[in-house]
There are 2 protein chains.
Amino acid sequence: DEQITVADYLLTRLEQLGVSSIFGVPGDFNMPFLDYVEDHPTIKWIGNCNELNAAYAADGYARVKPHSIGVVVTTFGVGELSAINGIAGAFSEMVPVLHIAGVPSTTQLKTRPLLHHTLGDARFDVFTKAAEQVTISQAMLANKVQATAEIDRILTDCVSRARPVYLSLPTDMVSEKVSSKRLKIPLSRILPPNNPDVEEFVLDEIIKVVHEAESNVVVLVDACVSRHDVKDEVKDLLTATHFPVYSTPMGKTTIDEEYDRYGGIYIGSISDPVIKERVESANLILSIGALKSDFNTGMFTYRIPTTHTIELHADHVLVRHAHFPKIGMKQLLPKLTSRLRDFRCQASELVVSKPKLEVPVEQTNDITQSYFWPRVGKFFRKKDVIVTETGTSNFGILDVPLPEQTIFVSQILYGSIGWAVGSTLGAALAARDRGLGRVILFIGDGSMQLTVQELSTMTRHGLTPIIFLINNSGYNIERNLHGMNRKYNDIVDWKWTSLLTTLGDLNGTLSMSYTVRNKSELEKLLDDPQFANAGKIQLVEVIMDKYDTPRALKMAAELSTKYAEKSAKQF
Amino acid sequence: DEQITVADYLLTRLEQLGVSSIFGVPGDFNMPFLDYVEDHPTIKWIGNCNELNAAYAADGYARVKPHSIGVVVTTFGVGELSAINGIAGAFSEMVPVLHIAGVPSTTQLKTRPLLHHTLGDARFDVFTKAAEQVTISQAMLANKVQATAEIDRILTDCVSRARPVYLSLPTDMVSEKVSSKRLKIPLSRILPPNNPDVEEFVLDEIIKVVHEAESNVVVLVDACVSRHDVKDEVKDLLTATHFPVYSTPMGKTTIDEEYDRYGGIYIGSISDPVIKERVESANLILSIGALKSDFNTGMFTYRIPTTHTIELHADHVLVRHAHFPKIGMKQLLPKLTSRLRDFRCQASELVVSKPKLEVPVEQTNDITQSYFWPRVGKFFRKKDVIVTETGTSNFGILDVPLPEQTIFVSQILYGSIGWAVGSTLGAALAARDRGLGRVILFIGDGSMQLTVQELSTMTRHGLTPIIFLINNSGYNIERNLHGMNRKYNDIVDWKWTSLLTTLGDLNGTLSMSYTVRNKSELEKLLDDPQFANAGKIQLVEVIMDKYDTPRALKMAAELSTKYAEKSAKQF
Ligand SMILES: Cc1ncc(C[n+]2csc(CCOP(=O)(O)OP(=O)(O)O)c2C)c(N)n1
Ligand SMILES: Cc1ncc(C[n+]2csc(CCOP(=O)(O)OP(=O)(O)O)c2C)c(N)n1
Ligand SMILES: [Mg+2]
Ligand SMILES: [Mg+2]
């Protein structure tokens, strides 16, 4: 067998997984590894401004590149702890990210001298302990004998369970020679088969329930459909059955929104009334990949009795009140599809009213939230990647149906603001790899302030996202939740249109920035083909009223207050 | 007893500790508490751009405000994990910081619904578990009965042990009513007395050793002198004995550098040769508050035999090879001083050569590292607060003697870059409270990129630091450690002089920015009284050569490589 370095082994595995960009920040404990990254023929070192942004970027990259993973490299202690919140977000939202921490040499890990980046108390394992909280697998490459097996183990966990994993890479392990033998066998993504007896039983149960529902069945797709890679299986099921399909916020664009049996976004009480009625009046909801978090369910306001529900999950199935552990949807779905074909005729009669994209006619020339979202909806094109941030953007976008093959990226469960900037960087690199369309970010002024420097990295790598920066004088979403007029919800106003030139486009040739203060200005810009196809990074500062809030957010905030009050009374 | 809210109890305690500024970022789980902060008559909410920067600011604040603490408020999960690296830095460097995480209500902590900001798996305790790694005490305010005692417990730990502590504050506990009784008793800072017999024994031992050394004793002050609040005790000892005194990098300015018995910075092999000779040839080193980390000791190159050493620490004493646990220096020092008085006459004869501030005359008009540091040395004034960042700045400043009553702030052990920006914000607020002089930051272009947004918060609060931004096209310190010409050590060049206007000084009246490309330009600026006393925030971009490295850093990097090689061979 050929002997290769641990670094090359790892990079070859990453290459096999389709990784073309690695994010992170150098440090003396990871630079020996970065030499290999920089010299790698197909993998590119991105070089972020800071580690949190790098982790967010790895997350965004993985989201837009299915079957691949995001990779972030940090340095011992200072770097890895800076990134940990981004890794936690990937855990929460089920995004496969590999966090490589360059750490002191194996000798130093044993002798534990008083090195920089330590806590000064010889506890060299604290950072790993912290990482254990937010990753599903960890490997400490303590010797070369186990190295390749350990790398394979965590990478397999990462891709098959769609969660972050952690690799502690000592400086002296990087260049150790190991056998390349294992590389010939690709990492397995194949899930173990379901127990055939139980599976058969579950299929029978489901068919029975669908029968009872007289084919009045609605499919609800959620986050885990894309996270656990059953998009194709679900598409087959829908094509075979013609069941109407709705999506949750976290499932948005999992099903092509132009698909004629797609009926829009269901969010409990926050839903558009027509959608709410259609979903809640169905005799049966076939929920696939549900992730019923507060903001993903309209603050837990589903009005769907359990007796009307089947839930398919990555590792279990629920049929009404019955639990079937260890029955995975990926394995189950093809069989379910072939059994459900027979319902197609009846199901085809169920009416789906397609969400419409109507720009309201308003008296004011101000850019209102109610006008803005449908209006940008008209600007979107096939294959665009649309990233939104926690805040008004995450809610405003929900009512906008998106063109076919668009990819919607957001962090609705974890909701760490600033994430969208890093994520857009990663998404843009992934989109470039995949030959997708434009990458378009919607982000609030408050959120942008957390991670703004990463705009610089976008320019550095010639990425050309369009960034809509909603300038509404602070934290609008927070005002709605608490302290409407509190000063802590105000922020410093920035010269937003100078950001791109200040942060790297020194002679102004690589970027464009605009401020739009009213509808006419926005229309003009959106209708300008030069803007739509600029091939440069662009930032549009959109001036909106401090108190203007999208419909869905207003309702969510009200429900949130009610929910908090209710749960306070529970005890 | 008067009943007050938990929030007011906590804020009153903080006020008693001299806290006037609280750092952080709002979130729905901390806003109920922020209402109390915003309404507090003497405590100000700072409102940072992101949580890591806020933690760094709390750290900087505490460093410049002895006997007070830094306070940072974050929101559940996303906020607290974003801040954790800043808290870890405070742990490492022994800075008293209180991290308050606003968390879900006590009911929700029990029922654990699928809330935003969670990992989606009902583990609500992961963030606290992470915090436990980097704080010395934690309190979860689960009920009002224990609330005030718990608050007092962690605050006492914070101030007496000079390390960060963590408070988990559920939304519904904020307004619970508790007795204010305990507030009448100030938090104790008094340390338990040393065991008198052991203490007496130790004193005798020390005197014996000093005798043997024929009064040829040199005092070496280090980080823990200021961290563990024995500055005054050490000063008394020095005045009483006239022993020559030297400092480590982390101890810089603990002893007034204009004090006539102060001889400069000792860093093992990296020291100025005269200093090295003076220290290492002494018969005895009385080391006080040592923290012998790699960069603080010239990569462990002290040439001082243990038989020539006495070490006083916060909780133990070492006399040559003998260990005396639980003998604290704070309690010991006054007694030691009175016993050592007798050596004064002899000690006075020991010659101290004061470090001189000489600006070299060079052929080139380029701003070199060797010229820059002494030159800015001439610009410093009494009571200035000087903050330096990991990189060339941390090393360049070492050879510059500082005027009396200046305070030097740096993070030499933990070395997390970006820290200095947040830290400068905190330092500037503390300096304003204390009526100190100017706050002057030296930071590299690479480091500034991690946390740049916090410049905005400085402007917001009318702070007026002078920021010297060393533009040397990337990570110079890293180049010296590994990969001199590697691309991963390059960064994006920014329009540095546009930062302050872009990030908040919209009409350019609150700030000034300059670029200096050569010595003449720098001289002119430094000699301009308007610059020296601007009363505005100012940023000076200093253009330096990519490969130019301060003497001490070059030596440290070489030693670092040697050290790594040596420790690799050890096994
Ligand atoms: C890291 C982090 N810190 C704090 C919060 C709390 N938070 C949620 S939304 C928000 C304000 C967002 O403001 P902005 O981006 O301006 O959005 P908009 O005004 O459009 O609502 C804050 C502070 C968070 N979610 N994540
Ligand atoms: C959070 C963090 N990430 C990475 C590092 C590794 N690191 C140490 S110094 C440095 C470069 C600093 O560059 P710059 O600020 O430009 O300093 P200079 O060029 O003056 O040396 C880096 C990346 C670190 N110490 N902390
Ligand atoms: Mg906003
Ligand atoms: Mg630099």
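Within the bounds of the range B:120-137, is there any residue that is more than 13 Å from chain A (Cβ to nearest Cβ), over 19 Å from B:Ala54 (Cα atoms) and modelled with pLDDT of 95 or more?
Yes, that holds for at least one residue.
Using beta carbons and a limit of 7 Å, which pairs, at least six apart or on different chains, have the first residue in the range A:114-137 and in contact (Cβ under 8 Å) with a residue 60 or more places away in the chain and the second one away from ligand 3 (no atom under 16 Å from the Cβ) and assigned to a loop (DSSP other than H, G, I, E, B)?
From the range A:114-137, the pairs are A:His117/A:Phe76; A:His117/A:Gly77; A:His117/B:Tyr414; A:His117/B:Gly415.
Among the residues of the range B:59-77 satisfying the criterion of being within 14 Å of B:Asn48 (Cβ to Cβ) and free of Cβ contacts under 8 Å to residues at least 60 places away in the same chain, which is farthest from ligand 3 (Cβ to nearest atom)?
Here the residue is B:Val71.
Just one of (1) within 14 Å of another protein chain (Cβ to nearest Cβ); (2) over 28 Å from B:Val452 (Cβ atoms); (3) more than 26 Å from the chain's Cα centre (by Cα); (4) at pLDDT 95 or above trips up A:Leu481, so point out which.
For A:Leu481, the exception is condition (3).
Restricting attention to the range B:355-397, which residues are within 16 Å of ligand 4 (Cβ to nearest atom) and part of a loop (DSSP other than H, G, I, E, B)?
Once the filter is applied, which keeps residues that are within 16 Å of ligand 4 (Cβ to nearest atom) and part of a loop (DSSP other than H, G, I, E, B), the range B:355-397 yields B:Asp366, B:Ile367, B:Thr368, B:Glu389, B:Thr390, B:Gly391.
Can you confirm whether A:Thr464 is away from ligand 3 (no atom under 14 Å from the Cβ), closer than 12 Å to A:Leu539 by Cα, of a type in the set (Ser, Thr, Tyr) and more than 19 Å from the chain's Cα centre (by Cα)?
Taking the combined requirement at face value, the residue satisfies it.
Look through B:Ile491, B:Ile543, B:Ile537 and report the one residue that is surrounded by 15 or more Cβ atoms within 10 Å (Cβ to Cβ) and facing chain A (nearest Cβ under 8 Å).
Among B:Ile491, B:Ile543, B:Ile537, only B:Ile491 is surrounded by 15 or more Cβ atoms within 10 Å (Cβ to Cβ) and facing chain A (nearest Cβ under 8 Å).
Please verify whether B:Val6 is touching a strand residue (DSSP E or B) at 6+ places or on another chain (Cβ under 7 Å), more than 18 Å from A:Leu81 (Cα to Cα), modelled with pLDDT of 95 or more and not aromatic (Phe, Trp, Tyr), treating the condition exactly as stated.
yes
One line per residue, one yes/no per condition, for (1) within 24 Å of A:Phe33 (Cβ to Cβ); (2) out of contact with any helix residue (DSSP H, G or I) (no Cβ under 8 Å at 6 or more places or on another chain):
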{"position": "B:Leu463", "(1), (2)": "no, no"}
{"position": "B:Glu478", "(1), (2)": "yes, no"}
{"position": "B:Asp490", "(1), (2)": "yes, yes"}
{"position": "B:Lys495", "(1), (2)": "no, no"}
{"position": "B:Ser513", "(1), (2)": "no, no"}
{"position": "B:Lys524", "(1), (2)": "no, yes"}
{"position": "B:Pro529", "(1), (2)": "no, yes"}
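Go through the residues of the range B:5-14 one by one and say whether even a single one is over 30 Å from A:Asn53 (Cα atoms), more than 13 Å from every other protein chain (Cβ to nearest Cβ) and aromatic (Phe, Trp, Tyr).
Yes, that holds for at least one residue.
Free of Cβ contacts under 8 Å to residues at least 60 places away in the same chain, hydrophobic (A, V, I, L, M, F, W, C), more than 21 Å from B:Met94 (Cα to Cα) and away from chain A (no Cβ under 14 Å) - does that describe any residue in the range B:335-342?
no
Hey, can you tell me all the residues within the range A:388-427 that are within 21 Å of A:Met458 (Cα to Cα), more than 13 Å from ligand 1 (Cβ to nearest atom) and of a type in the set (A, V, I, L, M)?
Of everything in the range A:388-427, those that are within 21 Å of A:Met458 (Cα to Cα), more than 13 Å from ligand 1 (Cβ to nearest atom) and of a type in the set (A, V, I, L, M) turn out to be A:Ile407, A:Val409, A:Leu425, A:Ala427.
Just to be sure I understand, how many residues within the range B:27-46 are farther than 21 Å from B:Leu187 by Cβ and crowded, with 23+ Cβ neighbours inside 10 Å?
Final tally of qualifying residues: 7.
Pick out, from the range A:47-116, the helices (runs of 4 or more DSSP H) lying fully within it that include 2 or more residues that are modelled with pLDDT of 95 or more, within 11 Å of another protein chain (Cβ to nearest Cβ) and more than 15 Å from ligand 2 (Cβ to nearest atom).
Per the criteria, A:78-92, A:106-111.
If the requirement is being closer than 30 Å to A:His67 by Cβ, of a type outside the set (A, V, I, L, M) and at pLDDT below 95, which of these qualifies: A:Pro401, A:Pro355?
Testing whether each residue is closer than 30 Å to A:His67 by Cβ, of a type outside the set (A, V, I, L, M) and at pLDDT below 95 leaves just A:Pro355.
Could you tell me which of the residues A:Ser456, A:Ser447, A:Ser473, A:Ser513 is within 14 Å of chain B (Cβ to nearest Cβ), away from ligand 2 (no atom under 16 Å from the Cβ) and surrounded by 24 or more Cβ atoms within 10 Å (Cβ to Cβ)?
Being within 14 Å of chain B (Cβ to nearest Cβ), away from ligand 2 (no atom under 16 Å from the Cβ) and surrounded by 24 or more Cβ atoms within 10 Å (Cβ to Cβ) holds for just one of A:Ser456, A:Ser447, A:Ser473, A:Ser513, which is A:Ser447.
Report yes if B:Glu454 is within 16 Å of ligand 1 (Cβ to nearest atom), under 27 Å from the mean Cα position of the chain (by Cα) and of a type in the set (Asp, Glu), otherwise no.
Considered against the rule, which asks whether it is within 16 Å of ligand 1 (Cβ to nearest atom), under 27 Å from the mean Cα position of the chain (by Cα) and of a type in the set (Asp, Glu), B:Glu454 comes out as yes.
Just to confirm my filter: which helices (runs of 4 or more DSSP H) fall fully inside the range B:471-571 and include at least 3 residues that are within 30 Å of B:Lys276 (Cβ to Cβ)?
Helices (runs of 4 or more DSSP H) meeting the threshold: B:476-481, B:551-569.
Filter the range A:10-26 for residues that are on the phi > 0 side of the Ramachandran plot and surrounded by 24 or more Cβ atoms within 10 Å (Cβ to Cβ) and give the result.
A:Gly24
Sort out which residues of the range B:495-510 are within 29 Å of the chain's Cα centre (by Cα), surrounded by fewer than 22 Cβ atoms within 10 Å (Cβ to Cβ) and more than 7 Å from chain A (Cβ to nearest Cβ), and write them in order of number.
Across the range B:495-510, the qualifying residues are B:Thr497, B:Leu510.
So which of B:Ile151, B:Ile207 ends up being more than 14 Å from chain A (Cβ to nearest Cβ), away from ligand 2 (no atom under 16 Å from the Cβ), in contact (Cβ under 8 Å) with a residue 40 or more places away in the chain and within 28 Å of B:Leu286 (Cβ to Cβ)?
Residue meeting the stated conditions: B:Ile207.
Starting from the range B:167-196, take each residue that is surrounded by 13 or more Cβ atoms within 10 Å (Cβ to Cβ) and list its partners that are of a type in the set (Val, Ile, Thr) and part of a loop (DSSP other than H, G, I, E, B), counting only C-beta distances under 6 angstrom and pairs at least six apart or across chains.
Hits for this filter: B:Asn194/B:Ile327.
So B:Gly462 fits all but one of (1) within 16 Å of ligand 2 (Cβ to nearest atom); (2) at positive phi; what number is the exception?
(1)
The values are calculated or read from the model by the stated rules, or taken from the named source; none is laboratory data. Just so you know, these numbers come straight off a predicted model, no measurement behind them. So basically every Cβ, Gly included, is an ideal-geometry build from the backbone, and we count neighbours across all protein chains shown.
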